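Student: I have a structure I would like to understand better, so I am pasting it below and will then ask my questions one at a time.
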Amino acid sequence: MMENKLIKNSSQNIAIWIISIIAIIPILLIVINAVKTAPEASSMNFDFPSTLQFNNFMTVIEKGKLVISFFNSFMYSGISSILCTLASAMAAYVLARNKTRFNRFLYLFIVMGIALPLNYFTLIDVMKWTNLINTRAGIIVIYMVTQIPFSVFILYGFMRGVPRELDEAALIDGCGPKRLFFSVIFPMLQPAAVTVLILSFLNTWNEFVLPLYYLNSADKWPMTLAVYNFFGQFEQSWNLVSADIILTIMPVVIIYLLGQRFIITGMTSGSVKG
């Protein structure tokens, strides 16, 4: 029995190591070529550079206008993630506490958005009708609503583990609906709420298609479109393209590493029970 368990654990560890190596190889290739000269990076190999060209990053920031794009991405992802978390938490609270047939249908209808594809052409007409096309407010709204289905799914499952007695005790103490939610319920949702906030931020930061369709002005582009545009201009300079990619993914990696503990806690504290 012990030998079988040891073999099983060893096989799992080997499989995880193989998957990790496969995932790291492209990142390592980009990191190495980001500090090469243009001729050295033309073949995109794993050979180390003769001298480290850290000035590639400054060149990319200047020519790629990454400062504006970084601000746009941070604003879009940050605001939409906060709004999505608040809206999803309030929706999950109402749907979980009032278990009627209509609310059950409404919950399933919202969660269907996880699997159903987005109709981009119909959405274009809606954006034009609401005068939100090619606006920062419009892309923030789109980012928010596209993340709501998964966020409600996570928070709804976690909400089922919050005792209903807390609501009753708060009401007896004189709490109104707003104070009940924000002072009593929402702090209890912290593990799942932080998980939703981080995952929503990461997903919207990496979004490419939505801003491509709904943002026409270059000064409103996020980092993903800036990389796409930069690649079109400097497709022969793989060292600069690699440096641009690193600058784009670095904020996501940092945020994920800082929030990894919250993500694991939120996922393992009953947030996926429902």
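The values are calculated or read from the model by the stated rules, or taken from the named source; none is laboratory data. Everything numeric here is computed off the predicted structure, so don't read it as measured data. We place every Cβ from the backbone using ideal geometry, glycine too, and count neighbours over all the protein chains shown. Note: accessible area is taken over every heavy atom of the protein model, side chains too, but ligands, DNA and RNA are not part of it. Shrake-Rupley method; radii C 1.70, N 1.55, O 1.52, S 1.80 Å.
Student: Roughly how many debye, to the nearest 20, is the charge dipole of region 26-109 about its Cα centre, given +1 on each Lys and Arg Cβ, -1 on each Asp and Glu Cβ, and no other charges?
Tutor: 780
Student: Ok, one more. Taking the Cα centre as origin and putting +1 on Lys and Arg beta-carbons and -1 on Asp and Glu beta-carbons, what dipole magnitude results for region 121-274, to the nearest 20 debye?
Tutor: With Lys and Arg at +1 and Asp and Glu at -1, about 220 debye.
Student: Something else about it: Considering only protein heavy atoms, what is the solvent-accessible area of Glu62 at a probe of 1.4 Å, reported in Å² to the nearest 10?
Tutor: Ignoring ligands and nucleic acids, Glu62 comes out at about 150 Å².
Student: Kindly give Rg over Rh for region 91-204, based on alpha-carbon atoms, with the Kirkwood expression for the hydrodynamic radius.
Tutor: Here Rg/Rh amounts to 1.04.
Student: Can you tell me which of 105-112, 208-215, 13-20 comes out highest on packing, and rank the rest after it, using the mean Cβ neighbours within 10 Å?
Tutor: Those peptides, ordered most packed to least, come out 208-215, 105-112, 13-20.
Student: Can you give the relative contact order of the chain as a percent, counting alpha carbon pairs under 8 Å and 6+ residues apart?
Tutor: Computed value for the chain: 31 percent relative contact order.
Student: Also, quick follow-up: Over 26 Å between Cα atoms, which of Lys128/Lys220; Lys178/Lys220; Lys36/Lys65 qualify?
Tutor: Too far apart for the 26 Å limit: Lys178/Lys220.
Student: D for the chain, whole µm²/s, Stokes-Einstein with Kirkwood Rh over alpha-carbon pairs at 10 °C and 1.306 mPa s: what number?
Tutor: The calculation lands on 73 µm²/s.
Student: Each label point is 7 Å from the Cα along the Cα-to-Cβ direction; what then is the distance between the points at Glu235 and Ile255, in nm?
Tutor: 3.0
Student: What number comes out for accessible area per residue over region 33-185 if the probe is 1.4 Å? Units Å², please.
Tutor: 59
Student: Gain in length, Phe208 to Lys65, computed as 0.36 nm per residue apart minus the alpha-carbon separation, to one decimal in nm?
Tutor: 49.7 nm
Student: Next question. Specify which residue in the list Val227, Thr51, Ala193 is farthest towards the positive end of the charge dipole of the chain, using unit charges on the beta carbon of Lys, Arg (+1) and Asp, Glu (-1), about the Cα centre.
Tutor: Sorting the options by dipole projection puts first Ala193.
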